[in-house]
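Right, one structure below, let's go through it.
The values are calculated or read from the model by the stated rules, or taken from the named source; none is laboratory data. Quantities reported herein were computed from a predicted structural model and do not represent experimental measurements. Cβ placement follows ideal geometry from the backbone for every residue including glycine, while neighbour counts extend to all protein chains displayed. These accessible areas exclude ligands, DNA and RNA; they are computed on the full protein's heavy atoms, side chains included. Shrake-Rupley method; radii C 1.70, N 1.55, O 1.52, S 1.80 Å.
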Amino acid sequence: VVLIEGMPMRVSEPQNNAFDLATPITRVRSVGTRSAARLAKLGIKSVRQLLWHLPARYEDYSLAVPIADVIPGQKQSIQGEVISIVSRHIWPRRLTITTATLRDDSGAIRAVWFNQPYLEETLTEGTLLSVAGKMVLDKRGLYISNPIYEKIATRNSQLETSALRHTGRLIPIYPETEGVTSKYLRFLIQPLLESLVIPDPLPAAIRRQYDLTDLTDAIRTIHYPDTEEAVPAARDRLAFDDLLLLQLKALRERRQINKLRSVRIPMDAAYMRMLVATLPFTLTKDQRVATLEILRDMERVYPMNRLMEGDVGSGKTVVALLAALHGARLGHQTVLLAPTEVLALQHYRTLRTLAGSADIHTVLLTGSTACVDDRITTKVAAKRAVSTGQAHIVVGTHAVIRDDVRFKALALVVIDEQHRFGIEQRATLMKSDRHTSGLVPHLLSMTATPIPRTLALTIFGDLDISIIREKPKGRQPIETSVVSSAQRPQVCDFIRQQVHDGRQVFVICPAIEPSSPIVPTHASKTPKQAKLSALWAQVKAVEEEYRRLSKEVFPDLKVAMLHGRMKPAQKQSVMREFKEGWHDILVSTSVIEVGVDIPNASIMVVEGADRFGLAQLHQFRGRVGRAEHQSYCFLFSTDDTIGNRRLQAMTKTDDGFLLAEQDMRIRGPGEFFGIKQSGLPDLTMAALANVDLIKKARTAALAIMKIDPDLKRNPLLAAQLESIRRFSHLE
Ligand code: ADP
Ligand code: MG
């Protein structure tokens with residue numbers, strides 16, 4: 001059979017049978033331009049992508065029963081001959097009902113379809129059918145409701161099942177989109193599987209060692225498994241490939257990084273001790289270890305590529321600034337990038353107090369502000385201070401990248417909340433130095449989203465990791481409670497009392513979902529439209545909550561609001577006013593999620609808390625409890641049952657790593673990381689929770705790289721490696 005036009009597949013010569021997976025989908029028989037466009041919406045443009053479009057689940061129609069044995073309420077398969085078929089129109093309801101009577105040796109049954117009048121033409125009397133669907137009992141007896149059907153040549157033959165696509169076996173149900181049904185996908189995929197031979201990119205030794213299914217078998221099984229039990233092994237095999245590629249990529253990148261040259265900064269222990277002694281607090285052990293790890297990295301001839309993970313408030317900034325100051329002493333420059341102006345300003349203040357006495361010059365550069373040391377200046381002047389090398393440490397936002405700041409001797413790049421920056425932005429920064437010597441700056445990324453180590457290794461490449469787990473001393477745990485709407489009055493009283501005591505309050509709202517179901521889904525919007533409508537939904541939520549709180553609940557208190565539609569200058573002034581105590585309550589979207597320091601705030605209220613992930617809630621909670629005041633977090637939940645149970649975890653621990661692990665277990669890695677952000681396939685995403693498989697893939701990758709570092713002996717792997725995304729700073 002010629003399945004792919006122009007590409008004969010001779011069953012007798014299996015080697016030649018291995019067709020090119022890169023074949024465009026348009027060359028698969030019965031895919032026209034219209035269906036190609038629809039398939040593209042599912043990301044299917046090649047045969048490979050079609051075969052890797054995996055079922056979300058299976059319907060079990062494996063038991064084809066005699067018609068006489070059909071059980072009402074069950075989903076079953078039967079096979080029979082069409083005795084009669086007739087369609088009726090029910091005008092007021094614009095409905096067509098097509099009823100066929102099917103018969104086998106044991107009896108007869110009706111099959112009923114809605115709005116498919118053409119069936120009358122295709123399923124003519126005498127046609128042999130295999131049908132599957134739900135068996136329903138009504139006044140006139142049993143019928144099969146809206147069954148899946150396919151024509152068969154002969155009846156009752158067990159040997160026939162492998163040719164069945166839609167009935168009589170486990171049937172794949174695929175992720176669908178408009179115009180691309182599971183039925184259509186089965187129609188395309190099943191014939192490809194019959195004579196499928198995919199060259200296996202994995203070395204046989206690795207396959208044996210980890211007991212992995214052959215790739216062709218895995219693909220065949222995952223689409224049409226004989227039993228559900230056969231699926232996990234197939235799934236693991238496919239996930240293993242992706243994880244292995246990510247690991248290989250990471251190891252290769254590491255090799256590349258180690259070939260690069262960076263600025264060697266010898267450690268000056270005496271100076272460090274002096275710096276640390278000037279701090280208004282003692283560093284925690286984790287902070288000391290992280291600082292040391294960073295300084296050691298910077299002593300090397302190749303660039304540091306380190307991720308510092310630590311809960312909100314664990315004191316990452318100080319560690320980064322210590323490293324910056326250490327370099328500044330020898331004239332090396334550092335740039336610290338923050339995702340928002342508010343944060344940049346906050347870091348700059350911290351930096352100014354640390355750099356105060358020393359002969360170290362600093363620059364602040366954001367969209368709206370430029371400072372050299374403590375003076376506000378023009379952007380031009382600030383940029384000149386950087387390019388001449390007068391300024392040692394630059395703190396800024398995206399503006400640093402956008403305004404094309406040039407450095408004289410950039411040795412260290414620090415990126416706070418690294419996930420808020422694109423790979424390209426990072427890359428631009430890494431190249432923004434005027435060195436002619438070809439040196440690459442050291443890179444320190446920071447994140448408050450605790451990511452389990454194995455996962456970090458997989459998604460961010462082979463970087464080194466410092467973890468700050470310990471909280472600075474003297475922090476009181478934040479009293480967290482999950483509250484129902486019935487308890488709202490008490491919470492309000494409590495808030496009023498705290499405000500009277502001089503404290504301040506954050507209220508965070510999730511977006512208000514568009515209430516009309518007719519509103520187009522995200523899929524049919526452009527990314528920009530989707531982003532805009534998400535933004536509007538947030539603004540609406542904040543405005544509504546602001547109105548409710550300021551007019552109805554707390555007319556006696558000063559309430560302010562903050563949302564993403566406000567201009568940066570506006571946002572900044574609201575934050576400044578809040579910090580200076582002009583407002584009691586700040587209603588906001590999750591924009592204040594990233595570390596804003598308001599030591600006087602003691603209450604964090606989260607509306608619709610069940611709509612946020614635990615990791616995110618934990619970040620919100622970290623906004624309070626930053627000073628000596630006992631602080632509180634109230635989680636209002638719209639869902640009084642399941643959501644609440646998940647939220648209870650928040651009341652039991654304030655360990656961000658623990659919550660992250662739970663969050664990932666509960667919501668799955670996809671939700672946890674945000675699928676859009678990662679660009680990883682769903683299967684890989686799911687596999688990110690499978691620590692065992694990750695470890696295997698890592699060991700396998702190490703073994704392969706050891707024997708065959710350039711992948712000369714594994715050309716298929718090498719080719720695939722080219723096609724996957726990179727995460728490191730070499731991009
Ligand atoms: P992160 O960026 O990790 O969320 P920050 O670096 O902003 O945390 O630190 C939070 C607050 O804790 C800051 O006000 C900082 O000065 C303070 N801090 C940092 N380290 C310590 C410490 N070891 N002891 C006491 N306070 C600390
Ligand atoms: Mg921070």
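Would you check which residues across segment 174-210 are among the hydroxyl-bearing types (Ser, Thr, Tyr), farther than 30 Å from Leu711 by Cβ and out of contact with any strand residue (DSSP E or B) (no Cβ under 9 Å at 6 or more places or on another chain) and list them?
Here is the first cut: in segment 174-210, the ones among the hydroxyl-bearing types (Ser, Thr, Tyr) are 174, 177, 181-182, 184, 195, 210.
So of that shortlist, the ones also farther than 30 Å from Leu711 by Cβ come out as 174, 177, 181-182, 184.
Selection gives Thr177, Thr181, Tyr184.
Among the residues of segment 312-328, is there at least one that is at pLDDT 90 or above and either in a loop (DSSP other than H, G, I, E, B) or in contact with a Lys or Arg (Cβ under 7 Å, 6 or more places away or on another chain) (or both)?
Residues of segment 312-328 that are at pLDDT 90 or above, as a first pass: 315-328.
Narrowing the set further to residues that are either in a loop (DSSP other than H, G, I, E, B) or in contact with a Lys or Arg (Cβ under 7 Å, 6 or more places away or on another chain) (or both) leaves 315.
Yes; the residues of segment 312-328 include at least one that is at pLDDT 90 or above and either in a loop (DSSP other than H, G, I, E, B) or in contact with a Lys or Arg (Cβ under 7 Å, 6 or more places away or on another chain) (or both).
So Arg384 ticks every box in (1) touching a residue at least 24 places away in the same chain (Cβ under 8 Å); (2) in a helix (DSSP H, G or I); (3) farther than 24 Å from Leu260 by Cα but one. Which box is left unticked?
(1)
So Asp20 clears everything in (1) open to solvent by 80 Å² or more (accessible area, probe 1.4 Å); (2) in contact with a helix residue (DSSP H, G or I) (Cβ under 7 Å, 6 or more places away or on another chain) except one condition, right? Which one?
The number of the failed condition is (2).
Scan segment 548-588 for residues that are assigned to a helix (DSSP H, G or I) and without any contact (Cβ under 8 Å) to a residue 60 or more places away in the chain and jot them down.
From segment 548-588, those assigned to a helix (DSSP H, G or I) are 548-553, 568-579; that's our starting set.
Within segment 548-588, Arg548, Leu549, Ser550, Lys551, Glu552, Gln570, Ser573, Val574, Arg576, Glu577, Lys579 meet the criteria.
Scanning segment 314-333 for residues that are among the polar types (S, T, N, Q) and within 13 Å of ligand 1 (Cβ to nearest atom), which turns out most open to solvent (accessible area, probe 1.4 Å)? Spell out the reasoning first.
Step one: of segment 314-333, the residues among the polar types (S, T, N, Q) are 314, 317, 333.
From the residues that got through so far, the ones that are within 13 Å of ligand 1 (Cβ to nearest atom) too are 314, 317.
Details: Ser314: 1, Thr317: 32 Å².
Here the residue is Thr317.
Give, as residue ranges, the strands (runs of 3 or more DSSP E) completely inside segment 54-116 that count at least 3 residues that are of a type in the set (Val, Ile, Thr) and more than 22 Å from Ser182 (Cβ to Cβ). Full working, then the answer.
Working: elements: 57-60, 75-90, 95-103, 108-114.
Fully inside segment 54-116 and qualifying: 75-90, 95-103.
I need the full set of residues from segment 135-151 which are aromatic (Phe, Trp, Tyr) and within 19 Å of Gln190 (Cα to Cα), in order please. Show your work before the answer.
First pass over segment 135-151, keeping only residues aromatic (Phe, Trp, Tyr): 143, 149.
Within segment 135-151, Tyr149 is the sole residue that qualifies.
Looking at (1) within 8 Å of ligand 1 (Cβ to nearest atom); (2) open to solvent by 20 Å² or more (accessible area, probe 1.4 Å), can you tell me which one Thr278 breaks?
(1)
Do we have Leu336 as buried (at least 23 other Cβ atoms within 10 Å of the Cβ), within 12 Å of ligand 2 (Cβ to nearest atom) and under 14 Å from Gly396 (Cβ atoms) here?
Numbers: buried (at least 23 other Cβ atoms within 10 Å of the Cβ): yes; within 12 Å of ligand 2 (Cβ to nearest atom): yes; under 14 Å from Gly396 (Cβ atoms): yes.
The answer is yes for Leu336.
Which residue out of Arg296, Arg300, Arg288, Arg352 is under 21 Å from Met430 (Cα atoms), open to solvent by 20 Å² or more (accessible area, probe 1.4 Å) and assigned to a helix (DSSP H, G or I)? Give the steps one after another, and end with the answer.
Details: Arg300 fails: assigned to a helix (DSSP H, G or I); Arg288 fails: under 21 Å from Met430 (Cα atoms); Arg352 fails: under 21 Å from Met430 (Cα atoms).
Only one candidate passes the filter, namely Arg296.
So which residues in segment 427-451 are away from ligand 1 (no atom under 16 Å from the Cβ), out of contact with any Asp or Glu (no Cβ under 6 Å at 6 or more places or on another chain), modelled with pLDDT under 80 and open to solvent by less than 30 Å² (accessible area, probe 1.4 Å), if there are any at all?
Leu429, Met430, Ser432, Asp433 - these are the residues of segment 427-451 that are away from ligand 1 (no atom under 16 Å from the Cβ), out of contact with any Asp or Glu (no Cβ under 6 Å at 6 or more places or on another chain), modelled with pLDDT under 80 and open to solvent by less than 30 Å² (accessible area, probe 1.4 Å).
Whether any residue in segment 265-275 is in contact with a strand residue (DSSP E or B) (Cβ under 7 Å, 6 or more places away or on another chain), on the phi < 0 side of the Ramachandran plot, modelled with pLDDT of 90 or more and more than 16 Å from ligand 1 (Cβ to nearest atom) is what I want to check.
Looking only at segment 265-275, we keep the residues that are in contact with a strand residue (DSSP E or B) (Cβ under 7 Å, 6 or more places away or on another chain), and these are 265.
Going one step further and asking which of them are on the phi < 0 side of the Ramachandran plot, we end up with 265.
Keeping just the survivors that are modelled with pLDDT of 90 or more gives 265.
Next, only the ones that are more than 16 Å from ligand 1 (Cβ to nearest atom) stay: 265.
Checked segment 265-275: at least one residue is in contact with a strand residue (DSSP E or B) (Cβ under 7 Å, 6 or more places away or on another chain), on the phi < 0 side of the Ramachandran plot, modelled with pLDDT of 90 or more and more than 16 Å from ligand 1 (Cβ to nearest atom).
For segment 43-81, what are the residues that are over 42 Å from the mean Cα position of the chain (by Cα) and among the aliphatic types (A, V, I, L, M)?
Residues satisfying the conditions are Val65, Ile67, Ala68, Val70, Ile71, Ile78.
I'm checking my understanding of the structure. Among residues of segment 339-387 that are within 16 Å of ligand 2 (Cβ to nearest atom) and among the charged types (D, E, K, R), which one is modelled with the lowest pLDDT?
Glu341
Could you list, in sequence order, all residues of segment 37-46 that are assigned to a helix (DSSP H, G or I) and within 28 Å of Ala132 (Cα to Cα)?
The first filter runs over segment 37-46 and keeps only residues assigned to a helix (DSSP H, G or I), leaving 37-41.
Of everything in segment 37-46, those that are assigned to a helix (DSSP H, G or I) and within 28 Å of Ala132 (Cα to Cα) turn out to be Arg38, Leu39.
Within segment 595-621, how many residues turn out to be in a loop (DSSP other than H, G, I, E, B) and either out of contact with any helix residue (DSSP H, G or I) (no Cβ under 8 Å at 6 or more places or on another chain) or not small (Gly, Ala, Ser) (or both)? Walk me through it before giving the result.
Step one: filter segment 595-621 for residues in a loop (DSSP other than H, G, I, E, B), giving 595-600, 607-608, 612-613.
Going one step further and asking which of them are either out of contact with any helix residue (DSSP H, G or I) (no Cβ under 8 Å at 6 or more places or on another chain) or not small (Gly, Ala, Ser) (or both), we end up with 596-600, 607-608, 612.
Summing the residues that are in a loop (DSSP other than H, G, I, E, B) and either out of contact with any helix residue (DSSP H, G or I) (no Cβ under 8 Å at 6 or more places or on another chain) or not small (Gly, Ala, Ser) (or both) in segment 595-621 gives 8.
Out of (1) within 16 Å of ligand 2 (Cβ to nearest atom); (2) touching a residue at least 60 places away in the same chain (Cβ under 8 Å), what's the single condition that is false for Ala328?
That leaves (1) as the condition not met.
Any idea how many residues of segment 550-573 are modelled with pLDDT of 90 or more and surrounded by fewer than 22 Cβ atoms within 10 Å (Cβ to Cβ)? If you could, list the steps in order and put the result at the bottom.
Taking segment 550-573 first, the residues modelled with pLDDT of 90 or more are 550-561.
Applying the additional criterion that residues be surrounded by fewer than 22 Cβ atoms within 10 Å (Cβ to Cβ) yields 550-560.
Qualifying residue count for the region: 11.
Is it true that some residue in segment 467-485 is part of a strand (DSSP E or B), more than 16 Å from ligand 2 (Cβ to nearest atom), at pLDDT 80 or above and of a type in the set (A, V, I, L, M, F, W, C)?
Filtering segment 467-485 down to residues part of a strand (DSSP E or B) leaves 467-468, 479-483.
In the following step, the residues that additionally are more than 16 Å from ligand 2 (Cβ to nearest atom) were identified as 479-483.
From the residues that got through so far, the ones that are at pLDDT 80 or above too are 479-483.
Next, only the ones that are of a type in the set (A, V, I, L, M, F, W, C) stay: 482-483.
Yes, segment 467-485 contains at least one residue that is part of a strand (DSSP E or B), more than 16 Å from ligand 2 (Cβ to nearest atom), at pLDDT 80 or above and of a type in the set (A, V, I, L, M, F, W, C).
Keeping to segment 340-349, report how many residues are away from ligand 1 (no atom under 11 Å from the Cβ) and either part of a helix (DSSP H, G or I) or surrounded by fewer than 20 Cβ atoms within 10 Å (Cβ to Cβ) (or both). Show your work before the answer.
First, pick out the residues of segment 340-349 that are away from ligand 1 (no atom under 11 Å from the Cβ): 340-342, 344-345, 348.
If we keep only those that are either part of a helix (DSSP H, G or I) or surrounded by fewer than 20 Cβ atoms within 10 Å (Cβ to Cβ) (or both) too, we end up with 341-342, 344-345, 348.
Adding up the residues that qualify gives 5.
The rows are residues; the columns are (1) under 27 Å from the mean Cα position of the chain (by Cα); (2) over 20 Å from Leu716 (Cα atoms); (3) open to solvent by less than 10 Å² (accessible area, probe 1.4 Å).
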residue: Ile189; (1), (2), (3): no, yes, yes
residue: Ile222; (1), (2), (3): yes, yes, yes
residue: Asp226; (1), (2), (3): no, yes, no
residue: Ala239; (1), (2), (3): yes, no, yes
residue: Arg252; (1), (2), (3): yes, no, no
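Specify which of the listed residues (Ile152, Ile83, Ile171) is on the phi < 0 side of the Ramachandran plot and open to solvent by less than 20 Å² (accessible area, probe 1.4 Å).
Numbers: Ile152 fails: open to solvent by less than 20 Å² (accessible area, probe 1.4 Å); Ile83 fails: open to solvent by less than 20 Å² (accessible area, probe 1.4 Å).
Criteria check complete, one pass: Ile171.
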